[in-house]
1. For the range 100-110, give me the residue count where each residue is out of contact with any strand residue (DSSP E or B) (no Cβ under 6 Å at 6 or more places or on another chain) and more than 15 Å from L145 (Cβ to Cβ).
2. Tell me the residue from H62, H58 that is farther than 17 Å from E184 by Cα and touching a residue at least 40 places away in the same chain (Cβ under 8 Å), please.
3. Taking the conditions exactly as written (polar (S, T, N, Q), farther than 22 Å from S153 by Cα and in contact with a Ser or Thr (Cβ under 6 Å, 6 or more places away or on another chain)), does N42 satisfy them or not?
4. Of (1) in contact with a strand residue (DSSP E or B) (Cβ under 9 Å, 6 or more places away or on another chain); (2) farther than 24 Å from G63 by Cβ; (3) surrounded by fewer than 15 Cβ atoms within 10 Å (Cβ to Cβ), K113 satisfies all except one. Which?
5. Quick test of your reading of the structure: D155 fulfils all but one of (1) surrounded by fewer than 22 Cβ atoms within 10 Å (Cβ to Cβ); (2) under 12 Å from S8 (Cα atoms); (3) among the charged types (D, E, K, R). Name the failing condition by number.
6. Quick one: what pairs do we get from the range 112-141, first residue in contact (Cβ under 8 Å) with a residue 60 or more places away in the chain, second among the polar types (S, T, N, Q) and surrounded by fewer than 18 Cβ atoms within 10 Å (Cβ to Cβ), C-beta under 9 Å, 6+ apart or different chains?
7. What pairs come up if the first residue lies in the range 190-209 and is touching a residue at least 12 places away in the same chain (Cβ under 8 Å) and over 16 Å from I53 (Cα atoms), the second is part of a loop (DSSP other than H, G, I, E, B) and polar (S, T, N, Q), and their beta carbons are under 9 Å apart, counting only those six or more places apart or on different chains?
8. Which of the residues belonging to the range 104-129 are modelled with pLDDT of 95 or more and of a type in the set (K, R)?
Amino acid sequence: MSDWIDISQALNTKTVGWPGDTSFSYNLSCTKAESGSVNVGNIKMSTHFGTHIDAPFHFDDHGKKVHELDLDIYIGPALIIEWKGNGTLKAADFKNIEFGETSRVLIRTNSWKDRSAFPQSIPSIDLGLPKFLAEKGIRLLGLDLPSVDQLDSKDLQSHHELAKNGIHILEGLVLENIELGWYELSALPLSLTGADGSPVRAVVRKLSK
């Protein structure tokens, strides 16, 4: 039995994407019966569908694109913690957390309870949190939310503030049944040249610390 735990959303027609964005579809473009040898499928979806990373190019025309990102950001020790605040994730909510030497933190907010529907609202990120996390050495912030900004945001202040502090973004994680603590994380984006984001297969394996 594998020690790896999948913390990413399954990709299928029941998976809920951002309203108005390209949803997921998979079809066989060629069947074994037709070809005599193989089934060949094709997929269609947004680069921000399901569990995914945002490249800085997503919100900054001059930001790095997926193929330019450092892969070390998405592989290595990660701390999974739980937020029990109200409304806004603030630095003060995490002042007692021992981040150790990790550069990756995944936060369970428990705010997206019904995965069969896109949430009506999500918590905000206080603009002081990115600086606080950067001072702790964090380079990757993962959340169980579809965005690090409010759903109706146009200026995406949290995206920009995280980038300003050198923190990359992993969204749409599934953390409900994961024990809090230290893990090895692998959440690699696809090698999509020129892309603004990428779906990932995010998995974790428990570490003894």
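The values are calculated or read from the model by the stated rules, or taken from the named source; none is laboratory data. In this text the structure is predicted, and so the values were computed from the model without any measurement. Please note: Cβ atoms are built from the backbone with ideal geometry, for glycine as well, and neighbour counts cover all protein chains shown.
1. Selection size over the range 100-110: 3.
2. Of H62, H58, the one residue that is farther than 17 Å from E184 by Cα and touching a residue at least 40 places away in the same chain (Cβ under 8 Å) is H58.
3. yes
4. Result: K113 passes all but (1).
5. If we test D155 against (1) surrounded by fewer than 22 Cβ atoms within 10 Å (Cβ to Cβ); (2) under 12 Å from S8 (Cα atoms); (3) among the charged types (D, E, K, R), just (2) comes out false.
6. Qualifying pairs under 9 Å: R115/T15.
7. R205/S2
8. R104, R108
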